Amino acid sequence: MKDRLYNIRFDFFFITQLAVLFGSLFIPGEIFDKSIAPILFLLNLIAGILLISKRKEFFWFFLILLIASSIIFGLAQAHGEMTLDISYMQFGIYFAFYLLITYEIIKQVWYSPAVDKKVILGMASGFICLGLIGFYVYMAIELTNPNSFDGGLLHMQETYPNTLTEQLMYFSFITLLTIGYGDIVPITPLAQKASILIGLVGQFYLVIVTAVVVGKFINQNKTNSKN
């Protein structure tokens, strides 16, 4: 059973990531942010634990993160809202999780002997993880230095509380993809430097990791054609 679950680790992780990113398209924003999104993040944590289940040094650390995140979710539901301290704790947990899981995904993709569906899903999951890391970096900057970002729908956050998270998530992926619409802009030096870093990381990932996978795929096809 454990081996079968491990074989679909990238599928499970990728599906939960898509649910976190696009769940608000199907569920009203406020309900999604307060009740559904935390559950989806917990499921993504569980998927991450499955992904690193053969790495004992990471397994227990991730399990502790899962327990801590579950406690924070329970406290938030009990109080009806998250205090600033609880928000910092939650962001710290997920930042550590996605940082380590990105490292592990890249490592598994890098050392994979052949290119198959698992490698492709792993490569896509790793890129999404970078976008989520960028989001938590931006949220930490905004919570520490309010109004570090301007534009887009950020002016509506007093009316719609979930606007800040949605807009910074959007900005993180737009920056990572180097699309640069310019509707949201970083206006403090810290936010600007973070944006440069996230843009660079996105390019390095696409150039280096994608090149490695493509190279393996070409060599794999050459080997198969000879046989």
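What follows is calculated from the coordinates using simple rules that are stated; it is not laboratory data. What you see is a predicted model, and the numbers here were worked out from it, not measured in a lab. Cβ coordinates were reconstructed from backbone atoms using ideal geometry, including for glycine residues, and neighbour counts include every protein chain displayed.
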Item to check | Mean ellipticity per residue at 222 nm, deg cm²/dmol - from DSSP H runs of n ≥ 4 across the chain, formula -39500 (n - 2.57) | outcome: -24000 deg cm²/dmol
Checklist outcome for this item: For the chain, longest principal axis from Cα atoms; helix 9-22 axis from its Cα atoms; angle between them, nearest 10 degrees, is 30
Next on the checklist: Of the listed values [x] 30, 19, 16; [y] 40, 17, 15; [z] 32, 23, 15, identify the label whose number matches semi-axes √(5λ) of the Cα gyration tensor in Å calculated from this model.
Outcome noted: [z]
Item to check | Nearest-ten-degree value, helix 163-176 long axis tilted from longest Cα axis of the chain | outcome: 40
Item to check | Over region 163-205: Rg over Rh, Cα atoms, Kirkwood Rh | outcome: 0.95
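Could you order peptides 92-102, 214-224 by the average number of other Cβ atoms within 10 Å of their residues, highest first?
Descending packing order for the listed peptides: 92-102, 214-224.
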Checklist outcome for this item: Over all directions, region 90-204 yields a Cα convex hull whose mean projected area in nm² is 7.6
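Could you work out how much longer the chain between residue 103 and residue 6 gets when fully extended? Use 0.36 nm per residue separation minus the Cα distance between them, nm to one decimal. Please list the in-between numbers first.
Values: separation 97, 0.36 × 97 = 34.92 nm, distance 1.77 nm.
Stretched out fully, the residue 103 to residue 6 stretch lengthens by 33.1 nm.
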Checklist entry - Gap in Å between the Cα centre of region 186-221 and the Cα centre of region 24-57? => result 24
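Return the subset of 54/107; 117/216; 118/216; 56/216 for which the Cα-Cα distance in this structure is over 20 Å, preserving the input order. Before the final figure, lay out each step's value.
Values: 54/107 13 Å; 117/216 13 Å; 118/216 14 Å; 56/216 28 Å.
From 54/107; 117/216; 118/216; 56/216, over 20 Å: 56/216.
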Checklist entry - Got a sec? Which residues in region 168-188 would a label at residue 27 touch, if it sits 7 Å along Cα→Cβ and we count backbone N under 16 Å? => result none
Checklist entry - Taking only Cα atoms, what is the 0 to 90° angle, nearest 10, from helix 117-144's long axis to the longest principal axis of the chain? => result 20
